[in-house]
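Colleague: Attaching a single structure in structure tokens format; questions to follow.
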There are 2 protein chains.
Amino acid sequence: MFPFAAPVRDLRFVLEELLEYRSLALPGFEEASPDLVEAVLEEAAKLAGEVWGPLNASGDQQGCARRDDGSVTLPDGFIEAYRAYAEGGWNGIGVSEALGGQGLPEVVASSVQEMLHGANMALGLCPMLTAGAIEALAHHGSDALKETYLPRLVEGSWTGTMNLTEPQAGSDLSRVRTRAVPCPDEEADRYRLFGQKIFITWGEHDAAENIIHLVLARKPDAPEGNKGISLFLVPKFLVNADGSLGERNDVVCASIEHKLGIHGSPTCTLSFGEGEGAIGYLVGEEGRGLNHMFTMMNEARHKVGIQGIGVAERACQHAFAYALDRVQGKVRGSDATISEHLDVRRMLLSMRARTDALRALALYCAAELDVARHAGDASERKAAQARVDVLIPVVKSFSTDQAVDIASMGVQVHGGMGYIEETGAAQLLRDARIAPIYEGTNGIQSLDLAGRKLQRDGGAAFNDLLGRVEATAEALRGNGELAALGESLAAGAADLRAAMAIVLEQGSDPESGVDAIQAYATPFLNLAGHVLCAWQMGQSALKAAAAQAAGSGEPFYQAKLVAADFALRQWLPAGRANRSVIDAGMASLASFDVKAI
Amino acid sequence: MFPFAAPVRDLRFVLEELLEYRSLALPGFEEASPDLVEAVLEEAAKLAGEVWGPLNASGDQQGCARRDDGSVTLPDGFIEAYRAYAEGGWNGIGVSEALGGQGLPEVVASSVQEMLHGANMALGLCPMLTAGAIEALAHHGSDALKETYLPRLVEGSWTGTMNLTEPQAGSDLSRVRTRAVPCPDEEADRYRLFGQKIFITWGEHDAAENIIHLVLARKPDAPEGNKGISLFLVPKFLVNADGSLGERNDVVCASIEHKLGIHGSPTCTLSFGEGEGAIGYLVGEEGRGLNHMFTMMNEARHKVGIQGIGVAERACQHAFAYALDRVQGKVRGSDATISEHLDVRRMLLSMRARTDALRALALYCAAELDVARHAGDASERKAAQARVDVLIPVVKSFSTDQAVDIASMGVQVHGGMGYIEETGAAQLLRDARIAPIYEGTNGIQSLDLAGRKLQRDGGAAFNDLLGRVEATAEALRGNGELAALGESLAAGAADLRAAMAIVLEQGSDPESGVDAIQAYATPFLNLAGHVLCAWQMGQSALKAAAAQAAGSGEPFYQAKLVAADFALRQWLPAGRANRSVIDAGMASLASFDVKAI
């Protein structure tokens, strides 16, 4: 198993040169200097490379196990690695100081997350879910709940989970049946929960002293459908008034799943209320559970995109290391490593260029999140949030689809060795494959983009982004050797504009709109992903060319120019084909007989 | 685990309507009537559905194990399932009657193979390797070797293996080091082999009485490189003069691999000559081992393509069954299965249309193989072989790349359940993932097509195929409702023609030609795969429209029209983007610094 080295230089390039550390200029980040950020990245890289990374393969091989008492054994070393993370203060780096965190910008927190997911995606899921719980509580919890639970979640001594799915309720959460019965004689907003939740990530483990489950459930008198669903906090151990842990709550891990990948992450079926009912506390408003959950899901989706990029980065590192080592065939008469064969170089460059592009776009989105949260001006915050809203489904879907493909290409670079588990390349493919599914399938993301986000403002926020893409295309066109990249980007932007018009027109029919958009949503998102990523690589080329013009001879910049050339002239054309797909129309999609085909 | 039903109706459509049973009109197939072929398909479907299919999941979960004595345990039921196959006479259906087979056309044998691989790919590998051994022996073995080994291999009571790879010799077989030392005091062409071979599929097992290893090795005085490599036959048990089994040969299974998939197929490291040396017999000419091996590899590559299609078919069946069963969300106000949601329908249709197209192209290639072997006219045979030669790398690569994608899409259709191993969708992805790697990686296939097959006749055979594609485009254009499909196919054919011209021009430079072609080979093959598959779907649309015009109301034909519409207007445009990739040129590919990027 090849060791993982966190891509500090690449992350710094994005933060410093592409994003010009603009998050640091926002109110609230006065104390976060570039030097501090770089020190944080270096320290995180150590944790990722030295502590989390070495456990990736062993965690996959060993996996998790459920004991007869319902407790769950993690792979060797995971508890210590998680504690090193929590004790190092990493869990709070992106959490505001008011809540006990370090309050660093989202671009920094996202960079650290990428490193940790690249090092060990299965372990990375634990704090990812905790972050969701913190978000939900911070936004919607009562002061009492916040006071009791937030500090421990932020420091990471307790972890959090999201309990949404039930066997009959997956993408369609309106079907949730878990019941929450009010406790009449006890304190207000206290309930007893009964039901079963499946696919609960890190739903049971011993790495933390307590686990705080956030659970979607229905009160007995609640209406059918979405509006009857409320959000409840159900701790594994009840918490006494003084903050100490009390008795075990009536929630138990009934089984864990045998999955394709992320074996080091326990995916649990949780049974609530096998006895008297699991004690739970209402979070936020009754009947608004789904809305509250989606507050945090939006950011969780960004994190899943980041996760894909982490795994893609590791796949690149594996493939490059193998290709530089493996001698096969000859080039110009001499023994050669496979990294010298053009067809292998095509794969390596494709993997690297795409990973760079996905990272740049995801961190661009993180920087917009910083503006949306921290800018002094309300209209600036609102406009940034609108851009974030359209970017997030792209970052989630496109990064994860591409990560699967990049990991699969990494297997291919290894040839036969790639299919052997001990090489480690196959694990990355298995791990990556969950990311297009969870936190809303990629199909759901595309509907969110094309059916909801695009329609609700008539494409205004998306148009704003497209204007930025076109400005970059213009800058490239005027930049001598980069002119061809500018032409390519401009053509991609024109395709995306035309596709947007079609999707908006579909949505304008109140009768059939939402259904019709479904047919175009995925190709539209794929087109958007290609164009937005190409845009970032165009920016990257401009910065690299500027660095060279200023005299830098660092091979890094030449490499960025090559990656940009590949992204804009080899990768973007493939993505542009989605316009033809949309143009051709989708009439047959609605009509065919699924049973006859 | 959803049961597998062999796609008899779809196979019949290809054999009867697309290929018009033209193989049956060839000399030597006088006794093979359409009725006989259909009876064969029905019987094979029973074996696939009732015997092989039910062992697919259990075989994956249980896997193979090596005992301390070097023997290998197969998953429960595999020995019986293999024997049912051999005793049913299935191993010889495509083998000529002169060699003891049934001498049915390759289109029929390929159809049966597709069913069996769909049912159980891991088990299907065993006879696939035996077929390679039969081919090599039949073409290159001495009469004595043929007499001793062929009858038992053809009946399937013995199985065969291909021993090519060594740790330092994968894609580059010139590095083979296994030694074959002549036995001076014994009979001629008898050698003792010493060395280690890795990745030997079904290299050791108890399903057959004997295993016949075909092994690449070097004589002590052989020159370096390809020309020093000869082919040897090394039986697991030596064979006495009377045909009975003698003592155990000096070849042992040293270990088996822990792989991403095909767990039911034992992938062995074989040690030859840990003692006095493994007895082996020279097959064919000294120093021509690689050439002899490639005789059979060409057809083995076709079989790997077929294997991909079998797995893709099973992935379709799983996804359709799940989508028709799983209720989520509402369509037009009513509870709906996910098969009613357009974004899911897009995935289902994409999976089905692509699988249909790959099948039609692979069986077209099989029909050309029949002509190449059996046509009365030598020039007809030669022209057909030339088409086969360019089709095989496309069938191998494109079918297997697409199969991985189709299986991955199948996982996605299942949502979270797709990631859980017991569902069975993930196994198909894991199994499929080997096919782009073995029997020559897909990169090697693309070099074979663009660098060798296309160059050696200046594109003549490929041009012949392109002419057929264009004729189909014309027929569609003149066919009322299908005219738009014709436009699309014509545009694809024009792209392929332009790309061919670029690739031929690259190859015309004797200095840099082969290197330069490497940069274009994979996009060229991908473009060719899309256009050739679209062509077959165009043919399919013509036949389905004709059946409807003749009054057939069978929903099957309407479904074929929908699948063709998807293939030509949604899938082909994505493939056409490969032309832009080729047009953009690949200058950066040769120059970038792998260590700096």
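Colleague: Name the residues of the range A:175-212 whose amide N is less than 11 Å from a point 7 angstrom out from the Cα of residue A:245 along the C-beta direction?
Modeller: Answer for this model: A:205-212.
Colleague: Would you kindly work out, in nm and rounded to one decimal, the distances from the label point of residue A:98 to those of the same position in each other copy, ordered shortest first, with label points 7 Å along Cα-to-Cβ?
Modeller: Those label-point separations list as 8.8 nm.
Colleague: Which residue is it, in chain A, whose C-beta lies closest to the A-to-B rotation axis, and what is that distance in whole Å?
Modeller: Checking which Cβ lies nearest the axis yields A:577, 2.
Colleague: Return a whole-number percent for the relative contact order of the range B:442-586, with Cα pairs under 8 Å and 6 or more residues apart as the contact set.
Modeller: 29
Colleague: Let me ask something else about it. In nm, give the distance between the simple-model label positions of residue B:285 and residue A:68, each being 7 Å from the Cα along the Cα-to-Cβ direction.
Modeller: So the label points at residue B:285 and residue A:68 sit 7.1 nm apart.
Colleague: Roughly how many debye, to the nearest 20, is the charge dipole of chain A about its Cα centre, given +1 on each Lys and Arg Cβ, -1 on each Asp and Glu Cβ, and no other charges?
Modeller: Result for chain A is approximately 1520 debye, rounded to the nearest 20.
Colleague: Could you work out how far apart the two model spin labels at residue A:9 and residue B:39 are, taking each label as a point 7 Å from the Cα in the direction of the beta carbon, and quote it in nm?
Modeller: 7.1
Colleague: With the calculation restricted to Cα positions, what are the radius of gyration and Dmax of the protein assembly as shown in angstrom?
Modeller: In order Rg, Dmax, the Cα atoms of the protein assembly as shown give 30.3, 99 Å.
Colleague: Before rounding to the nearest 500, sum -39500 (n - 2.57) across all DSSP H runs of length at least 4 in the protein assembly as shown and divide by the residue total; then give [θ] at 222 nm in deg cm²/dmol.
Modeller: Working: 36 runs with 622 residues, N = 1194.
Mean residue ellipticity at 222 nm (helix-derived): -17500 deg cm²/dmol.
Colleague: So which of A:595/B:543; B:259/B:453; A:453/A:560; A:259/A:396; A:396/A:453; A:330/B:227 end up more than 23 Å apart, counting from Cα to Cα?
Modeller: B:259/B:453; A:453/A:560
Colleague: Now, a different point. Residue A:329 label points, 7 Å along Cα→Cβ, one per copy: pairwise distances from this copy to the rest in nm, shortest first?
Modeller: Label point to label point, same position, other copies: 4.4 nm.
Colleague: Further question: Full-extension gain between residue B:274 and residue B:174, please, as 0.36 nm times their residue separation minus the C-alpha to C-alpha distance.
Modeller: Contour length minus Cα-Cα distance gives 33.7 nm.
Colleague: So how far apart, in nm, are the two label points at residue B:332 and residue A:84 if each is 7 Å from Cα heading toward Cβ?
Modeller: About 5.9 nm, to one decimal.
Colleague: List the GluC sites (Glu not before Pro) within the range B:236-301 that DSSP assigns to loop and that have no more than 12 neighbouring Cβ atoms inside 10 Å.
Modeller: Filter output for the range B:236-301: B:276, B:285.
Colleague: Once the label point is placed 7 Å from Cα along Cβ, list for residue B:27 the distances to the corresponding points in the other copies, in nm, shortest first.
Modeller: 9.2
Colleague: Pick out, from B:193, B:132, B:158, the residue whose Cα sits farthest towards the positive end of the charge dipole of the protein assembly as shown, with +1 on the Cβ of Lys and Arg and -1 on the Cβ of Asp and Glu.
Modeller: Among B:193, B:132, B:158, the one farthest towards the positive end of the dipole of the protein assembly as shown is B:132.
Colleague: Let me ask you something else. Please check chain A for the longest run free of trypsin sites (Lys or Arg not before Pro) that are loop-located per DSSP (anything but H, G, I, E, B) and have at most 15 other Cβ atoms within 10 Å.
Modeller: With a cap of 15 other Cβ atoms within 10 Å, the longest stretch comes to A:333-594.
Colleague: Using only Cα atoms, tell me the angle between helix B:460-477 and the longest principal axis of chain B; keep it within 0 to 90° and round to the nearest 10.
Modeller: 30
Colleague: To the nearest 20 debye, what charge dipole does the range A:47-154 have about its Cα centre, counting +1 at the Cβ of each Lys and Arg and -1 at the Cβ of each Asp and Glu?
Modeller: Values: 5 positive and 13 negative charges, 25 e Å.
The dipole magnitude comes to about 120 debye.
Colleague: Keeping all protein chains in place, calculate the accessible area per residue for the protein assembly as shown (probe 1.4 angstrom), answer in Å².
Modeller: 33
Colleague: DSSP beta bridges in chain A, what fraction antiparallel, as a percent rounded to 5?
Modeller: Details: 36 of 43 bridges.
Expressed as a percentage, antiparallel bridges in chain A total about 85.
Colleague: Report residue B:350's accessible area, 1.4 Å probe, all protein chains in place, as a number in Å² to the nearest 10.
Modeller: We get 10 Å² for residue B:350.
Colleague: Sticking with this one: Helix B:513-549 against the longest principal axis of chain B: what's the angle in degrees, Cα atoms only, rounded to the nearest 10?
Modeller: Taking the Cα atoms of chain B, the angle to B:513-549 is about 60 degrees.
Colleague: Let me ask something else. Throw me the Rg/Rh for chain B, computed over C-alpha atoms with Kirkwood Rh, two decimals.
Modeller: My calculation of the ratio gives 0.97.
Colleague: If the convex hull of the alpha-carbon atoms of the range B:442-586 is projected onto planes in all directions, what is the mean projected area in square nanometres? Numbers along the way, then the final one.
Modeller: Values: hull surface 34.4 nm².
It is 8.6 nm².
Colleague: Fully extended, how many nm does the chain gain between residue B:501 and residue B:157 (0.36 nm per residue separation, minus their Cα-Cα distance)?
Modeller: Using 0.36 nm per residue and subtracting the Cα-Cα distance, I get 118.9 nm.
Colleague: Using a Förster distance of 41 angstrom, determine the FRET efficiency expected from the C-beta separation of residue B:382 and residue B:483, and round it to 0.05.
Modeller: Taking R0 as 41 Å, the efficiency between residue B:382 and residue B:483 is 0.70.
Colleague: Then there's this: Given N residues in the range A:371-507, what is Rg(Cα) / (2.2 N^0.38 Å)?
Modeller: Normalised Cα radius of gyration, the range A:371-507: 1.33.
The values are calculated or read from the model by the stated rules, or taken from the named source; none is laboratory data. These figures come from a predicted structure and were not determined experimentally. A quick note on method: Cβ atoms are made from the backbone with ideal geometry, for glycine too, and the neighbour counts reach across all protein chains shown. What goes into the accessible areas is simple: the full protein's heavy atoms, side chains included, and nothing from ligands, DNA or RNA. Shrake-Rupley method; radii C 1.70, N 1.55, O 1.52, S 1.80 Å.
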